[in-house]
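Note sheet for the following structure.
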Amino acid sequence: MISKRNGSIVERARRLLRDDGSVLTRELLRSPGGFGLGQVPDKLKPDATTTMICGFCSTGCGLDVHMKDGQAVSVTPSVDYPVNLGLACPKGWEALTPLKAADRALTPMTREHAGERLRAVSWEVALEAFTARFKAIQAKHGPESVAFLGTGQMPLEELAFLGCLAKFGMGMKHGDGNTRQCMATAVAAYKSCFGFDAPPYSYADFEESDVLVFIGANPCIAHPILWERVCRNPHSPVVVVIDPRRTETAQQATAHLPIAPKSDLELFYGVANVLIREGWVDRGFVEAHTEGFDEFAKHVAQFPPERASARSGLPVERIERFAELIHRGERVSFWWTMGVNQSHEGVKVAQAIIALSLMTGNIGRPGTGANSITGQCNAMGSRLFSNTTSLLGGRKWDDAEHRATVAKRLGVDASVIPTDGGMAYDQIMEAILRDEIKGLWVVATNPAHSWINQRDARDILSRLDYLVVQDMYVSSHTADLAHLVLPAAAWGEKEGTFINSERRIGVIKQVARAPGEALSDFRIFQLVAETWGCGEMFAEWSSPEAVFGILKELTKDTPCDITGVGGYTEVDSLRGVQWPLPEGEKVAPGSERRLFADGNFYHESGRARFICGPSTPVPEEVDERFPMVLLTGRGNSAQWHTQTRTGKSAVLQTLAPETIYVEISPRDADRLGIAPNDWVRVSSRRGTLEARAYVTHIVQPGQVFIPMHYVQTNRLTFPAFDPTSRQPAYKHCAVNVGRLMLHDRAR
Ligand SMILES: Nc1nc2c(c(=O)[nH]1)N[C@H]1C(S)=C(S)[C@@H](COP(=O)(O)OP(=O)(O)OC[C@H]3O[C@@H](n4cnc5c(=O)[nH]c(N)nc54)[C@H](O)[C@@H]3O)O[C@H]1N2
Ligand SMILES: Nc1nc2c(c(=O)[nH]1)N[C@H]1C(S)=C(S)[C@@H](COP(=O)(O)OP(=O)(O)OC[C@H]3O[C@@H](n4cnc5c(=O)[nH]c(N)nc54)[C@H](O)[C@@H]3O)O[C@H]1N2
Ligand code: SF4
Ligand SMILES: [Mo]
């Protein structure tokens, strides 16, 4: 099974291997040229300080990691990094703690059947099993019967490796990632309106706007350092927050528009209607740089502010005042996040936001833009390089020329490159249910907690003939269902690059040793390639930096062209570098750039497009039995997603609520006889959970909110998806709430 190619990594490994795998690991940890990664790079002197990008959110703060005796001992925010300017949120300060947790995956582990205990095995046994099981499934059910789920939390070099290995080397057609849960809507909107997935802004725009509109975004919690940038704005800006909840951000804003959930589309069409009615359109910009405005104007004529008012619950005059504010603003920027993306009609909402910025000429100038903020540290990288929705470099799967270019550079036959991106995440889950997909490789994501409608999700995952989970922890809820767990090194224990929300590429470095026999995802992919028998295909993929070089070349002549960027050292000395930077162009260290300053967009016509469509009813209306709307999202700046990492820091745990809670309005609490801190039961048609009542004016009557950080939350969510982006609509389903008597509480 193992490739016999002389000098191959596995051959080398084999020579070093003893039965229990221990020698392999120890030897490799000592060999900087081998595939071990325990070695702190030579350039890192003991006691030196080095700067790298934070591994949590897409803000991409620079962190100074301080070393003593060759080990990272503490972290402080970098003062001269253009993103965070000396600031960090609690997760950044605590970035090293999750590495030391007791439940780190230390060796590969297997089990035959669900419910059995995992058993430690050597890497060789694990790789043999991985290959034999997946190959057997493919032999029986076809190559497409094995799929993968990846992540926006691995460096570019790793997520590109996974996408190329799986699709070109292992014959998989279907593979997606957690970026589908997160950014797919923005991707679809940008591609359709701009001709490429291109967030146009730079963080300097937070400081240069005179009107900032946040839509379904709570940066005080989810992107605290970006909110700090807003606070540095010297123009006394007007900040408008459009969110059903009076969030921490809304509380600090100039104005809060507490719209009814999922009424954004009709609201924005109503605003566009007023802008047109009042003659507040930048005709010069629209004529010179856009297409489709007339049809858009015709469409929004059906949405007078009265209609927007009826749907959103905002008075007509507030809608008109909001339109006027946009008109009067000289530099208006629109910022959106999950309140828009995670909706059954999110793509249309995002397109409507883009339309507002285009029709008022608020794009390409300082302080403007239709700006989607990304979520995870490398979500932007995964959009361009994970080989899921886009072919490497943001290219198109269905374009023969694009496929040929990629095939040529990678030295593979063009026939191994599929002609479409394959199934989206939800379609992969459905295909498992239909018995079409029987094997799944899950890397750096935790779907048993984070996927929508959890009962079904877990049922689906447990139907697989073979589930491989590659994670830094052995204790994740998804690892609980795995047949094979591969132990991964984490941020801080490996190197590579991330792309942040403003398109800035930054470097991460190895400052700590991975525990036990954990290997970087990069090394795991190399070993899988060798074991699978496609190692030749990746002969050039010898190190993360070598892969960075290949990926750079693959961006040539695309909108995200970074052929002018040097190696890691140069990226570092430039304090990160934003794409694009084609060969021959230069930027100064710490510089900030935005797109579309020349009014040229990426469609063949060079124009941006207005796109619109009918609004659609919410997938699960409230009714008598389930009379309240459940919203979900981020709860606290010290909690990250499924908490596998932040849950390991005592400091972060102290900053976060102890137990799961549900925000409920005083009026509903009163009506239901619920006092603050009471235990309540929240139920939907799909499941039930128990939570503490947080009685608060943050939520409107008729709505409740539960953070996603608790594993119970997705028991309730309704599996609806935007039909274009296939992003899950996590932010709307029908529930009921009732007070729990003490004796009712499930143990
Ligand atoms: N501390 C912390 N920070 C994080 C993360 C984390 O887990 N913890 N995760 C990161 C990731 S991956 C992401 S994607 C981002 C997410 O960042 P955000 O999108 O800012 O966070 P969310 O809380 O998911 O959603 C934002 C808001 O959308 C609102 N909303 C719900 N429905 C609607 C609606 O119909 N219309 C409008 N206009 N608003 C609505 C919710 O009330 C919520 O306040 O955060 C990133 N940052
Ligand atoms: N109800 C509800 N659900 C939601 C959301 C919501 O708003 N509401 N938001 C959605 C969004 S936007 C997102 S992005 C998803 C996030 O959902 P997930 O991706 O499932 O969440 P994480 O906890 O970040 O999972 C990352 C996993 O990777 C592991 N890991 C970390 N670093 C590494 C590494 O370097 N290598 C490997 N191999 N493993 C590593 C972690 O231990 C963890 O198990 O959740 C989605 N789910
Ligand atoms: S804001 Fe995001 S990138 Fe910055 S320190 Fe916090 S988690 Fe890290
Ligand atoms: Mo996300």
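Taking the Cβ of each residue in Leu226, Leu106 as the centre, tally the other Cβ atoms inside 10 Å and list the residues starting with the fewest.
Listed from fewest to most nearby Cβ atoms, that is Leu106, Leu226.
Quick one: of the DSSP bridges fully inside the chain, what percent are antiparallel, nearest 5?
Taking every DSSP beta bridge with both residues in the chain, the antiparallel ones total about 45 percent.
Using a ≥ b ≥ c from the Cα gyration tensor of the range 200-372 (square roots of the eigenvalues), is it rounded, prolate or oblate, where a/c under 1.5 gives rounded and otherwise the larger of a/b and b/c decides, a/b for prolate?
Since a/c reaches 1.5 but b/c is at least a/b, the shape of the range 200-372 is classed as oblate.
In the range 615-660, which trypsin sites (Lys or Arg not before Pro) fall in coil by DSSP and have 13 or fewer other Cβ atoms within 10 Å?
Answer in residue order: Arg625.
Give the order of Glu570, Glu493, Glu690 when sorted by the count of other beta carbons within 10 angstrom, beginning with the fewest.
If I rank by nearby Cβ atoms, fewest first, I get Glu570, Glu690, Glu493.
Using amide H atoms built in the peptide plane, which far-off residues or other-chain residues are under 5 Å from Ser520 H to H?
Close amide H contacts, sequence-distant or interchain: Ala489.
By the gyration tensor of its Cα atoms, with a ≥ b ≥ c the square roots of the eigenvalues, what is the shape of the chain: rounded for a/c under 1.5, prolate for a/b over b/c, or oblate?
Note, shape of the chain comes out prolate.
Go through Val271, Ala414, Ala88 and say which Cα lies farthest out towards the positive end of the charge dipole of the chain; charges sit on Cβ, +1 for Lys and Arg, -1 for Asp and Glu.
Ala88
Applying the Karplus parametrisation 6.51 cos²θ - 1.76 cosθ + 1.60 with θ = phi - 60° to the phi angles of the range 645-653, what ³J(HN,Hα) value in whole Hz is obtained for each residue in order, glycine and proline being reported as x?
Going residue by residue, I get 8, 5, x, 8, 9, 4, 5, 5, 5 Hz, with x marking Gly and Pro.
Near Lys438, which aspartates and glutamates are there with a Cα under 14 Å away, not counting those fewer than 8 places off in the same chain?
List returned: Glu144, Glu430, Asp459, Asp465.
So what's the angle, to the nearest 10 degrees on a 0 to 90 scale, between helix 346-359 and the longest Cα principal axis of the chain?
60 degrees
For each pair in Lys408/Lys552; Lys100/Lys731; Lys396/Lys494; Lys135/Lys408; Lys100/Lys509, compute the distance between the two Cα atoms and list the pairs where it is over 22 Å.
Lys100/Lys731; Lys396/Lys494; Lys135/Lys408
Taking square-rooted eigenvalues a ≥ b ≥ c of the alpha carbon gyration tensor, is the range 628-744 rounded, prolate or oblate, where a/c under 1.5 means rounded and, failing that, a/b exceeding b/c means prolate?
oblate
From the residues Met67, Ala139, Met170, which one has its Cα farthest along the dipole of the range 51-201 in the positive direction, the dipole being from +1 and -1 charges on Cβ of Lys/Arg and Asp/Glu about the Cα centre?
Going by the Cα projections, it comes out as Ala139.
Assigning unit charges at the beta carbon (Lys, Arg +1; Asp, Glu -1) and nothing else, what dipole magnitude in debye, to the nearest 20, does the chain show about its Cα centre?
In debye, rounded to 20, the chain gives about 1260.
In the range 628-744, with Lys and Arg counted as +1 and Asp and Glu as -1 at Cβ, which of these residues, His709, Pro719, Gly673, has the Cα nearest the positive end of the dipole, that is, farthest along it?
Going by the charge dipole, the pick is Pro719.
Which order results if Trp441, Trp397 are arranged by neighbouring Cβ count within 10 Å, fewest first?
With the sparsest Cβ surroundings first, the list reads Trp397, Trp441.
Mind listing the long-range amide H neighbours of Tyr201? Cut-off is under 5 Å, sequence gap 5 or more, other chains count too, H placed in the peptide plane at 1.01 Å from N.
Under 5 Å from the amide H of Tyr201 lie the amide H atoms of Leu595, each far enough along the sequence or on another chain.
In a shell of Cβ-Cβ distance under 12 Å around Val146, excluding Val146 itself, what net charge do Lys and Arg (+1) and Asp and Glu (-1) give?
+3
Which pairs break 27 Å Cα to Cα here: Lys140/Lys167; Lys68/Lys648; Lys348/Lys648?
Pairs exceeding the cut-off: Lys348/Lys648.
How about the range 205-294: which trypsin sites (Lys or Arg not before Pro) there lie in a loop by DSSP and see at most 14 other Cβ atoms within 10 Å?
Passing both the DSSP loop test and the Cβ count: Arg232.
For the peptides 270-276, 702-708, 291-297, what is the packing order when you average, over each peptide's residues, the other Cβ atoms within 10 Å and list the highest mean first?
270-276, 702-708, 291-297
Mind listing the long-range amide H neighbours of Ser74? Cut-off is under 5 Å, sequence gap 5 or more, other chains count too, H placed in the peptide plane at 1.01 Å from N.
Placed amide hydrogens put His66 under 5 Å from Ser74.
For n ≥ 4 DSSP H runs only, could you compute -39500 (n - 2.57) per run for the chain, divide by its residues and tell me the 222 nm figure to the nearest 500?
Result for the chain, helices only: -8500 deg cm²/dmol.
Mind listing the phi-derived Karplus ³J(HN,Hα) values for the range 171-184, rounded to whole Hz, using 6.51, -1.76 and 1.60 with θ = phi - 60°, and x for any glycine or proline?
x, 6, 9, 10, x, 9, x, 5, 5, 5, 6, 9, 10, 4
How big is the charge dipole of the range 200-372 about its Cα centre, in debye rounded to the nearest 20, if each Lys and Arg gets +1 on its Cβ and each Asp and Glu gets -1 on its Cβ?
340 debye
Would you mind putting 530-537, 309-316 in packing order, based on average other-beta-carbon counts within 10 Å, highest first?
The densest-packed peptide leads the list: 530-537, 309-316.
Laboratory data are not the source of any read-out in this text; all were calculated from the coordinates shown. On a predicted model such as this, the values are computed, not experimentally measured, just so you know. Cβ sites come from the backbone with ideal geometry, for glycine too, and all protein chains shown count toward neighbours.
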